[in-house]
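One structure is given below, encoded as structure tokens.
Read-outs: derived from the displayed coordinates by stated rules, not from any lab. Being a predicted model, the structure only gives us computed values, none of them experimental. We place every Cβ from the backbone using ideal geometry, glycine too, and count neighbours over all the protein chains shown.
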Amino acid sequence: MPARKKIALIGAGNIGGELALLAARRELGDVVLLDIPDKEGLAKGKALDIVQTGACDGFDARVTGTSSYSDAAGADVVIVTAGVPRKPGMSRDDLLTINLKIIRAVAEGVKANAPDAFVIVISNPLDVMVYELKRITGFPRERVVGMAGVLDSSRMQAFIAQAAGVSVREVRTLVLGGHGDTMVPCLSYCTINGVPVGQILPKDKLDAIVDRTRNGGGEIVKLMGTSAYYAPAAAAIAMTESYLRDQKRMLACAAYLDGEYGFKDLYMGVPTVIGGRGVERVVEIELSSEERAMLDKSAAAVRELIEASRKL
Ligand SMILES: NC(=O)c1ccc[n+]([C@@H]2O[C@H](COP(=O)([O-])OP(=O)(O)OC[C@H]3O[C@@H](n4cnc5c(N)ncnc54)[C@H](O)[C@@H]3O)[C@@H](O)[C@H]2O)c1
């Protein structure tokens, strides 16, 4: 009988808790919820609550809470949400100084205890956090990826489905670039069951949807006073499942670029294939001149933040 896979969640806050529930419910493996010593009770409490949910729902997964990295030893997948989320009025970039310190500590813990893990970073500002984790762990680029594009694409998908009055399952969207105000929702790849969305929705509605997608995170922060967590967790679970079950889904993820799209030594949202070997491929696609210009602008914004992080 093969052992179950082990999924370590670094950060047991809003997204961490939801990730634990989804991973356990889908029986992706046993789950370790890790937080700082002050929040060990929160991690342990959520773990217990989820184990008891398993009794109601009938799923088998061991879920434990801890503040010790030794409990994450040998994890197959690590998902990092450690850090602080945005408050109303803040941009993701405003989190840089505080979350950089946290990601550095997390990277050391992961490197020492889960050296073979596939690592998904969620903490913001995303593109810099994932860059920093890769830099400190020294893990190959196939095993360190950032979650943003799946979430941003899902947001756009939901808005288009609502506007067109169709099932969200028929809508395909692609959002590339950095996970910030400069993200690039690619209308040229947006279809409703293969039909270009421009044939179904008028330009003014599509422009409004592009805008709403770009501000999709901020819209929720304004309403709730903190960041979204259900959809971010669902997005990271889709990536985890594609890896663990070798599904080879093509998903927009923040991947390390080594010449693709003309960028080097940078993390940014691009189409990737996620399978049993991790980020198996960065897929280079044609972009309209307008989209290409937006991608360049987005890359420059990410680069600027990476440069700022080097001084901190
Ligand atoms: N990539 C995305 O698309 C996306 C979407 C939403 C939120 N986020 C980001 O995800 C992060 C987490 O959001 P959340 O809503 O779960 O926040 P949260 O505050 O609910 O949870 C974060 C947890 O991290 C813990 N933590 C802090 N330092 C730690 C350390 N050194 N080791 C382990 N744990 C530590 C905190 O104690 C807290 O429990 C934020 O940075 C947020 O901006 C990213």
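Below, the figures for the structure above:
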| quantity | calculated |
| --- | --- |
| Filter result for Arg172 (under 24 Å from Met129 (Cβ atoms) and basic (Lys, Arg)) | no |
| Val279 vs. criteria in contact with a Ser or Thr (Cβ under 8 Å, 6 or more places away or on another chain) and either buried (at least 21 other Cβ atoms within 10 Å of the Cβ) or farther than 19 Å from Thr81 by Cβ (or both) | yes |
| Residue check for Gly262: within 22 Å of Pro88 (Cβ to Cβ) and more than 11 Å from the chain's Cα centre (by Cα) | no |
| Any chance Thr182 is under 22 Å from Asp94 (Cα atoms), away from the ligand (no atom under 14 Å from the Cβ) and in contact (Cβ under 8 Å) with a residue 24 or more places away in the chain | yes |
| Entirely in region 6-122, the helices (runs of 4 or more DSSP H) that have 3 or more residues that are closer than 25 Å to Pro140 by Cβ and away from the ligand (no atom under 12 Å from the Cβ) | 96-113 |
| Residue under evaluation Val145, criteria (1) within 14 Å of the ligand (Cβ to nearest atom); (2) in a loop (DSSP other than H, G, I, E, B), criterion not met | (2) |
| Only one of Val171, Val166, Val175 that is free of Cβ contacts under 8 Å to residues at least 40 places away in the same chain and in contact with a Cys (Cβ under 9 Å, 6 or more places away or on another chain) | Val171 |
| Within region 217-241, considering residues that are part of a loop (DSSP other than H, G, I, E, B) and within 10 Å of the ligand (Cβ to nearest atom), the one nearest to Arg26 (Cα to Cα) | Tyr229 |
| Residue match in region 187-206 (condition: of a type in the set (Gly, Ala, Ser), surrounded by fewer than 21 Cβ atoms within 10 Å (Cβ to Cβ) and assigned to a helix (DSSP H, G or I)) | yes |
| Close pairs from region 129-155: first closer than 19 Å to Val84 by Cβ, partner aromatic (Phe, Trp, Tyr), Cβ under 9 Å, at least 6 apart | Met129/Tyr267; Val130/Tyr256; Val130/Tyr267; Tyr131/Tyr256; Tyr131/Tyr267; Leu133/Phe139; Gly146/Tyr131; Gly146/Tyr267 |
